[in-house]
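Here the structure comes first, spelled out in structure tokens, and everything after it is commentary.
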Amino acid sequence: MNKNELIPTRFCMKANTKIIVEEEKAATTNHPNDKLDRSRMIVFIGGLFGLFYLGYHFYTNGFALDLNTVNLMFLTAALLLYGNVKELGNGLKKASNSVGQFALQYPFYAGIMGMISASGLAVWMSDGITQVANEHTLPFFAFLSSGVLNMFVPSGGGQWAIQAPIILPAALDLGVEPARVVTAVAWGDAWTNMIQPFWAVPLLAIAGLKIKDIMGFCVITLLYSGIIISAVLLLF
């Protein structure tokens with residue numbers, strides 16, 4: 001290939017780069033969500049919180065490391081080093097491809113689970129539902145409470161650790177078979193997994209798709225399955 005043959009190739013590369021930059025600029029708007037994506041304050045404040053906690057942890061416990069501390073160190077470093085939320089998301093996507101969004105979400109899910117559990121909010125939610133239930137409707141309410149709680153605590157084991165001390169005594173007091181409420185809680189956990197499709201990550205990676213590509217189908221499945229499961233729990 002001579003020099004004259006390289007000129008069109010270089011010209012095409014520059015033209016393509018220019019088009020991509022112009023498309024990114026055109027896609028940038030001043031909507032509130034876009035402003036938040038470009039804001040430095042969100043990642044900076046989150047990084048400072050992580051930094052303060054790490055300092056407190058090492059001051060009170062010495063240089064004691066566990067898995068949670070190491071994860072927090074990496075998350076804090078990422079929040080402080082990236083300029084905004086959009087850059088952070090793009091960086092994780094480049095580093096870990098289709099699972100990058102989960103690598104960012106799960107540390108926050110763990111924090112949400114800790115706050116809900118420690119504050120007593122989960123107990124209050126589940127206890128409030130069991131107080132209005134009877135022997136016929138308890139499995140249905142257990143199903144609903146499990147589905148709602150799963151939105152904040154996506155770990156099945158963590159969710160059961162929160163709900164079991166409330167749902168099982170309520171079942172025994174009302175004379176409901178424990179197997180029925182256990183099944184209802186498991187169905188509720190699986191039900192709202194439709195709109196948190198972590199189970200689809202391997203398939204999405206193989207197919208080259210993103211979660212948004214299947215979310216519409218998942219929402220339809222959520223609605224139909226919710227109606228069917230609720231009817232089964234109330235009728236049988």
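Only the coordinates and a few stated rules stand behind these numbers; no lab work does. All values derive from a computational prediction rather than experimental measurement. Here the Cβ is made from the backbone with ideal geometry for all residues, glycine too, and neighbour counts use every protein chain on show.
Report Rg(Cα)/(2.2 N^0.38 Å) for region 120-235, keeping two decimals.
Numbers: Rg = 15.2 Å, N = 116, 2.2 N^0.38 = 13.4 Å.
Computed over Cα atoms of region 120-235, the ratio equals 1.14.
Couplings 3J(HN,Hα) for region 192-201, derived from phi with the Karplus relation 6.51 cos²θ - 1.76 cosθ + 1.60 (θ = phi - 60°), are 7, 5, 4, 9, 10, x, 5, 5, 8, 4 Hz, where x marks Gly and Pro.
Each Lys and Arg contributes +1 and each Asp and Glu -1, all at the Cβ; summed about the Cα centre of region 33-114, the dipole is approximately 260 debye. Here is the list for region 53-97: chymotrypsin sites (Phe, Trp or Tyr not before Pro) lying in DSSP coil, each with at most 11 other C-beta atoms within 10 angstrom of its C-beta, are Phe63. Packing, taken as the mean count of other beta carbons within 10 Å per residue, orders the peptides 143-149, 176-182 from highest to lowest as 143-149, 176-182.
Projecting the Cα atoms of Asn68, Asn134, Val153 onto the dipole axis of region 24-182, where Lys and Arg carry +1 and Asp and Glu carry -1 at the beta carbon, places Asn68 farthest toward the positive end. In order along region 156-173, the phi-based Karplus estimate (6.51 cos²θ - 1.76 cosθ + 1.60, θ = phi - 60°) of 3J(HN,Hα) comes to x, x, x, 5, 5, 4, 7, 8, 4, x, 9, 5, 5, x, 5, 5, 5, 5 Hz; Gly and Pro are listed as x. Less than 5 angstrom separates the built amide H of Ser39 from those of Val85, all sequence-distant by 5 or more or on a different chain.
When a/c is below 1.5 the answer is rounded, else prolate if a/b is larger than b/c, else oblate, so apply that to region 33-114 with a ≥ b ≥ c taken from the square roots of the Cα gyration tensor eigenvalues. In terms of gyration-tensor shape, prolate.
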